Amino acid sequence: MPVTCASTVRDDEPSNQAPRAYEAQELVNLPFFREGQSLTAIELLEAHRLLPKRVRYVADIQRFMLSQAAMALHLEHAVDPAKPGITATNLLRFFENAPAASKNTVLAFLVEMRHYNFVEAVDEGDRRSRGFRATADTEGLIRFYFDVHSRGLDRMDGGKRSAMLAAHPRLLHLAQPRFARLLLHNDRWRNPPETIAGFTKSDSGSSVIHDLVARVPRGELGTEPIWIGNVSATEVAKRYTVSTTHAVRLFSRAKTQGLIGWQGSTNRGECWISAVLVRDYYDWQAQKFSAISSAIRYACEKAGITSA
């Protein structure tokens, strides 16, 4: 039977409604969007600090897409064994007419996922048909990912998504596959602006851009560069387990685009980032939060759950 109680997402909404879903622009316009987004980024960065090798592996946009698709297949198969599980063929089909990677890349991805203990084999077959399932640790990581983003959304609008997910753990099995399909078929998220793409398409680049924007002080965004404190390529390389050469290259590209700069001539010391970069980042992140909000609402409606 549907689960209901008196708590609500907003005081002026009926208590029998699932959490609200938002379009990306609606989220950006919320007064507490930046606070909720920053809260999420800080928690994700802490996960990178605690689990550097595992988080680094999915901290570029292609691996992130493939890992979310793999988890969607895993959770759907867990609920209904008649649905396809994790294989290279099924991963390729997940993206329909908008492939995220070549067949060989997907095969290599699954080998690496097994190496890092994200997945384990469930049968032996040829490389293309071999089946996998997510490990218990990986299920924990995806639950953490949803919890973090639900807390961010709750900070934005005063909702109760995090409490609902905690009270009804099986909501994840409905919400994550919905989220994966919404986000991974969203061209505005898959193809971020060039200001963002230079980071997201490189190893640990997503964590670096989260880090930089999380340092932006509160207040209205103008058009002038935003000073964010002391930043160095060496420090970033150490924090996100990449080579200093990689970090320097990442910053040099952004510097050439006019997106980042320092008081001095080197990539260290007092640093500023462009307001254009910050706005593009917020717009890009809003696409993700929109998909999360829609997926949680869908899961609650499907399960007949309206509150914790």
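Rule-based calculations on the coordinates, nothing more; no lab input. Predicted model, so just to flag it, every value in this text is computed and none were measured. Virtual Cβ from ideal backbone geometry, glycine too; neighbours counted across all protein chains shown.
Normalised Debye scattering of the range 194-280 at q = 0.11 Å⁻¹ gives log10 I(q)/I(0) of -0.25, counting only Cα atoms as equal scatterers and leaving out solvent.
The stretch between residue 47 and residue 263, if pulled fully straight at 0.36 nm per residue, gains 74.7 nm over its current Cα-Cα span.
The amide H of residue 305, built 1.01 Å from its N in the peptide plane, has 3 as neighbours under 5 Å, considering only residues 5 or more places off or on other chains. Straight-line cross-link reach from residue 255 at under 19 Å between alpha-carbon atoms covers these aspartates and glutamates, not counting any fewer than eight positions away in the same chain: 194, 203, 211, 224, 235, 270, 280. With the cut-off at 1.5 for a/c, could you classify the range 102-195 from its C-alpha gyration tensor as rounded, prolate or oblate? Oblate, since a/c reaches 1.5 and b/c is not below a/b.
Amide H contacts of residue 86 (H built 1.01 Å from N, in plane; Pro and chain starts excluded): 132 sit under 5 Å, all sequence-distant by 5 or more or on other chains. For the pairs 83/302; 53/83; 83/160; 83/201; 238/288, note any where the Cα-Cα span goes beyond 20 Å. Correct reply: 53/83; 83/160; 83/201; 238/288. The distance from the alpha carbon centre of the range 189-223 to that of the range 224-238 is 13 Å, rounded to a whole number.
Residues whose amide H falls under 5 Å from that of residue 135, counting only those 5 or more places apart or on a different chain, are 119, 120, with hydrogens built in the peptide plane. Summarising the label geometry, the points placed 7 Å from Cα in the beta-carbon direction at residue 279 and residue 194 lie 1.7 nm from one another. Over the residues of the chain, the helix contribution to mean residue ellipticity at 222 nm works out to -18500 deg cm²/dmol, using -39500 (n - 2.57) for each DSSP H run of at least 4.
Within 13 Å, Cβ to Cβ, of residue 233, how many net charges do the neighbouring residues add up to if Lys/Arg are +1 and Asp/Glu are -1?
Working: positive: 238, 239, 249, 253, 255, 268; negative: 211, 235.
Neighbour charge sum, excluding residue 233 itself: +4.
Ordered from longest to shortest, the equivalent ellipsoid semi-axes for the range 243-308 are 41, 13, 10 Å, each the square root of 5 times a Cα gyration tensor eigenvalue.
Per residue, the convex hull around the alpha carbon atoms of the chain comes to 130 Å³.
Take each peptide in 151-160, 179-188, count the other Cβ atoms within 10 Å of every residue, and average; sorted highest first, the result is 151-160, 179-188. Across the range 89-94, computed HN-Hα scalar couplings (Karplus, 6.51 cos²θ - 1.76 cosθ + 1.60, θ = phi - 60°) run 4, 5, 5, 4, 5, 4 Hz from first to last residue, x flagging Gly and Pro.
Relative protection proxy for 140-149, 113-122, from highest mean packing down: 140-149, 113-122 (other beta-carbon atoms within 10 angstrom).
Using C-alpha pairs below 8 Å separated by at least 6 residues, the relative contact order for the chain is 31 percent. DSSP beta bridges fully contained in the chain are about 90 percent antiparallel.
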